[in-house]
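Student: I'd like to ask you about the structure that follows.
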Amino acid sequence: QVQLVESGGGLVQPGGSLRLSCAASGNIFSRSAMGWYRQAPGKQREWVAVLTSGSSTKYADSVKGRFTISRDNAKNTVYLQMNSLKPEDTAVYYCKATVAFSEYWGQGTQVTVSS
């Protein structure tokens, strides 16, 4: 059974930074592509960033240059460093692991950007 647990969300002022973490249980982490998604109130969930098992990265245009995805295989953890946060970044952030055509989701962590 694979479990993903996100942490690091909270309230931050515009222009501030947060680092989200997603810890994975199970033995699939190093073989997984890891992604971050977000869902704002009244909107569909959207893709934010992805990091493949080969360490290639891709970002949504809305976060490019501000967010950085990284992973620590020794800790089975993926991170999302978020800088220059904007009110429109407010959402519940989810991590997803994809391996061998299976997908696993975490429970989400709330990020609120407000003054």
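Student: Mind listing P(r) for segment 1-65? All alpha-carbon pairs, 5 Å bins, whole percents.
Tutor: P(r) over segment 1-65, rounded to whole percents: 4, 13, 19, 26, 22, 11, 5, 1.
Student: Next up: Pop out the ³J(HN,Hα) list for segment 50-58 in order, Karplus 6.51 cos²θ - 1.76 cosθ + 1.60 with θ = phi - 60°, rounded to Hz; leave Gly and Pro as x.
Tutor: These are the phi-based 3J(HN,Hα) values: 9, 9, 7, 5, x, 6, 7, 10, 9 Hz.
Student: Hey, another quick one. Output the relative contact order of the chain, whole-number percent, from Cα pairs under 8 angstrom with separation of 6+ residues. Write down the numbers at each step before the final one.
Tutor: On the way: 274 pairs, mean separation 42.3, N = 115.
Dividing the mean separation by the residue count of the chain yields 37 percent.
Student: Please report, to one decimal in angstroms, the Kirkwood hydrodynamic radius of the chain built from all distinct Cα-Cα pairs.
Tutor: On the way: mean 1/r = 0.0714 Å⁻¹.
Taking the inverse mean of 1/r over all distinct Cα pairs, the chain comes out at 14.0 Å.
A short reminder: the numbers here are calculations on the coordinates, not readings from a lab. Predicted model only: the values in this text are computed from it and were never measured.
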